[in-house]
1. Using a 10 Å cut-off on Cβ atoms, rank the peptides 102-109, 216-223, 170-177 from the highest mean neighbour count down.
2. Which order do the peptides 52-65, 155-168 take when ranked by the mean count of other beta-carbon atoms within 10 Å per residue, highest first?
3. Tell me the angle of helix 128-143 to the major Cα principal axis of the chain, expressed in degrees between 0 and 90 and rounded to the nearest ten.
4. Compute the label zone of residue 99 within segment 12-41: residues whose backbone N is under 17 Å from the point 7 Å along Cα-to-Cβ.
5. Is the shape of segment 200-336 best called rounded, prolate or oblate, per the rule: a/c under 1.5 gives rounded, else a/b larger than b/c gives prolate, else oblate, with a ≥ b ≥ c the square roots of the Cα gyration tensor eigenvalues?
6. So what is the 222 nm mean residue ellipticity for the chain from helices alone, if each DSSP H run of at least 4 adds -39500 (n - 2.57) and you divide by all residues, rounding to the nearest 500 deg cm²/dmol?
7. Rounded to the nearest 5, what % of the DSSP beta bridges within segment 191-305 are antiparallel ones?
8. DSSP beta bridges in the chain, what fraction antiparallel, as a percent rounded to 5?
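What follows draws every value from the coordinates through simple rules; no lab data is involved. None of these values were measured; they are calculated from a predicted model. Cβ: placed from backbone, ideal geometry, glycine included. Neighbour counts: every protein chain shown.
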């Protein structure tokens, strides 16, 4: 199993400077690069301090000259916020200047709040239709001259300038939870990113079954790479354990606000919904979170990861953004690199 890093520039409040966030994020990515992580992912979100990512390609362009081996991915470019020509060109340019390190991730988007601002009138539940139209258009533009007359976009003959360095194009990933997206990914030979949120292993098993169902529905198509993401914190003392759990509970309270589109966002900072006000508060208990997320000592994390490996997960995404103190974030990643990764190194051939 290989390992990837998902990391956002993030602020919980305005007491931390953007310069500190910038420097910390780069340091974390460089740690992952040195340790041999395969990909670092940059999100796309708008007007939210907890995920500062107005353009994922700009973030990857920044990271490219500061890293050596790690590949640079979008997780994800939100299809309804782009037009095909702009997306094809931005992605191809990122691939060019990174010497062919782009991993192209595309998805439907997460929060209705963002749709209300970036694509007014569009329901989040309908956004998948934009992705299904956009991706073939982008691939055609990468290949050469192409004219498009679709439901959401139309343009005369055009092409991507520049073209991607990787041929025929960078690896393509889709964020998938629903069966229709697994089927689309397999049919179109895309890799898959899956996120079981805070749910237990049965959710991860469900995603693996959806992949298997999609493969059976598309005979002859190759099995895509499947990467599974979990919030991750490795710790060796009670203080760091307590901080990690309190931090993820706080972040999840803000996510609930955004998912419900409550409008309680002031100057980019979402108001946290107290856990005792949530009907699904049991999903956020300390015991449940520590069990379901990739939390624990190095040995506990290795044991959990072995379950994913046995399930058939190809790559694990270390999701490191959860509002924690910067020093603790670095301690966790260092423990993961030094004490967890060696358990998954491939033995040298005799």
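1. Order by mean packing, descending: 102-109, 170-177, 216-223.
2. Ranked by mean Cβ neighbours within 10 Å, highest first: 52-65, 155-168.
3. On a 0 to 90 degree scale, this one is about 60.
4. Those under the cut-off are 30, 33-40.
5. Oblate.
6. Taking each H run of at least 4 residues, the total per residue is -13000 deg cm²/dmol.
7. 25
8. 15
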